[in-house]
1. Look at Val89 and say whether it is under 18 Å from Val17 (Cβ atoms), touching a Gly at 6+ places or on another chain (Cβ under 8 Å), surrounded by 13 or more Cβ atoms within 10 Å (Cβ to Cβ) and at pLDDT 95 or above.
2. Provide a single number: the residues in region 72-113 that are in contact (Cβ under 8 Å) with a residue 24 or more places away in the chain and either closer than 27 Å to Pro27 by Cα or outside any loop (DSSP other than H, G, I, E, B) (or both).
3. Look through Ala78, Ala101, Ala63 and report the one residue that is out of contact with any Asp or Glu (no Cβ under 7 Å at 6 or more places or on another chain), at pLDDT below 95, more than 20 Å from Asp48 (Cα to Cα) and not polar (S, T, N, Q).
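The values are calculated or read from the model by the stated rules, or taken from the named source; none is laboratory data. Computed from a prediction, not measured in an experiment: that's the story for all the values here. For neighbour counting, all protein chains shown are included, and Cβ atoms are generated from backbone atoms with ideal geometry for every residue, glycine included.
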Amino acid sequence: MHGHFTATGLERSILMVDDGAFPLSAPAVAAMRSTLAVAPAREVGRPDFGLSAREAEVATLLAEGCTNPEIAARLFVAEKTVKNHINSVFAKMQVRNRSEAILAWLGPWDRDD
């Protein structure tokens, strides 16, 4: 049933997140990607948060929904290196998790509120 899970399922999801996975269903990921494709984040006005070029690449790949292993493969680095970059991104953006980092990276940055 939608919205219900077992203790085993919860444990598996927690371990997946700890391992760098992005545990959303395929339809949820497809919906997110189609939304981002329709309304991509504006580059103009994006704060750099003090990120290095590599950290910015990692932030972009996080926003695309990539897992740590996928980021490592695309950037040709070790997963440990990806984890180090992500920790640095979180610290510089002053966020606590992937979701907050993605929201900060995608904007909007020019809101008046």
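1. Numbers: under 18 Å from Val17 (Cβ atoms): yes; touching a Gly at 6+ places or on another chain (Cβ under 8 Å): no; surrounded by 13 or more Cβ atoms within 10 Å (Cβ to Cβ): yes; at pLDDT 95 or above: yes.
So Val89 fails the test.
2. Going through region 72-113, the residues in contact (Cβ under 8 Å) with a residue 24 or more places away in the chain turn out to be 79, 82-83, 85-86, 88-89, 92-93, 98, 101-102, 104-110.
Restricting the remaining residues to those that are either closer than 27 Å to Pro27 by Cα or outside any loop (DSSP other than H, G, I, E, B) (or both) gives 79, 82-83, 85-86, 88-89, 92-93, 98, 101-102, 104-108.
The number of residues fulfilling the criteria is 17.
3. On the way: Ala101 fails: more than 20 Å from Asp48 (Cα to Cα); Ala63 fails: more than 20 Å from Asp48 (Cα to Cα).
That would be Ala78, the only listed residue that is out of contact with any Asp or Glu (no Cβ under 7 Å at 6 or more places or on another chain), at pLDDT below 95, more than 20 Å from Asp48 (Cα to Cα) and not polar (S, T, N, Q).
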